[in-house]
Structure formats: C-alpha cells, structure tokens
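Down below is the structure, laid out as structure tokens.
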Amino acid sequence: MRIAIGADHAGYTLKETLVAYMREHGIEVIDFGTHGPDSVDYPDYARVVAEAVAGGGADFGVLICGTGIGMSIAANKVPGIRAAAVSDVYSARMSRAHNDANILCLGGRVVGPGLAIEILETWLRTSFEGGRHARRLEKIRQ
Ligand code: RB5
C-alpha cells in the first residue's frame, strides 16, 4: 500500500509522527511536505496529495492541517477525491465503509498523536462496503 501524505505548519509535527509510524509498519509513504514548522498554505499540499491519489500514484492520502477542515475543502476540489475530516475512530471507520473516502484529513490541533494513530489504523484497515453506498457515491460523482 502506498500512502501520499502532506501537511501545513499546523500539521507538520503530527505528519512526522504518522510518517514514522507507517514506515515502521511497512507502509510505503510519499511525503509531500511541509518539511519544517514555517508557515505555509495548506491548499498547496492538499492539491499535490489529492492529485497523487486521483492520478493513481498513491492508493490513499493523508492530509493534516490545524483542524483537517481546510485540507478537506481543498482536496475535495480535485475530481475523484473523497476527503473526510475525521477526529474520532467511529467516523474514521464509517468514512471508509460508507463513503469510500480516499483521503483522511486530520487536525494537528484537534487530535493528539495516540488518537491520530488509532484513527489512521482504523481508516486503513476498513474496506468500502459497496452496495447501496456505491449508488450514493455515483450520485455524488454525477
Ligand atoms: C493555519 O493556521 C490553519 O488555518 C490551517 O492549518 C487549517 O486549520 C485550516 O483549515
């Protein structure tokens, strides 16, 4: 599995934690930055990660800003992207099972590293259920 990841300054520290966690667990990570704490604009990172996922260069994406909200708004502008801003384990599971989310957006100022790892683990191991949910996603796509 190949994961594209990006963050702004507010998500930088959590991104470093999640990159290390995924690499330790044998997950291939493409880290699009940011690579330090200096202030940057989250749409720039949302765009490159979303385009990597939509173009097939990555299976899934993870985007982290202060809340996860700006990243999700920006990433969802890219056709084919279903980005979900998540801050609890139940929503992480449902965003995959019912919404087939292909980008997980987290808030570095909302969730701590322990919860973020649980959310990410849950999100990565949950499959889309298809069926009636696929019909609904097709309506969104149209
Ligand atoms: C940066 O201060 C902050 O606005 C950004 O990280 C994000 O939370 C936007 O949604």
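Over every Cα atom in the chain, the radius of gyration and the widest Cα-Cα span, Dmax, amount to 13.8, 45 Å. The C-alpha atoms of the chain define a longest principal axis, and helix 132-141 lies at about 70 degrees to it.
Each peptide in 70-83, 107-120 receives the mean, over its residues, of other Cβ atoms within 10 Å, and ordering these scores from highest gives 70-83, 107-120. Note on the chain: with a GNM built from Cα contacts shorter than 10 Å, the maximum mean-square fluctuation among HIS35, HIS98, HIS25 falls on HIS25. Between region 13-32 and region 95-109, the C-alpha centres lie 16 angstrom from each other. For region 66-72, 3J(HN,Hα) computed residue by residue from phi via the Karplus equation (6.51, -1.76, 1.60; θ = phi - 60°) reads x, 10, x, 6, x, 4, 5 Hz, glycine and proline entered as x.
Each reported figure results from applying straightforward, stated rules to the coordinates on display, with no laboratory input. For clarity, every value in this text was computed on a predicted model and none was experimentally measured. Ideal geometry is used to build each Cβ from the backbone, glycine not excepted, and the neighbour counts take in all protein chains shown.
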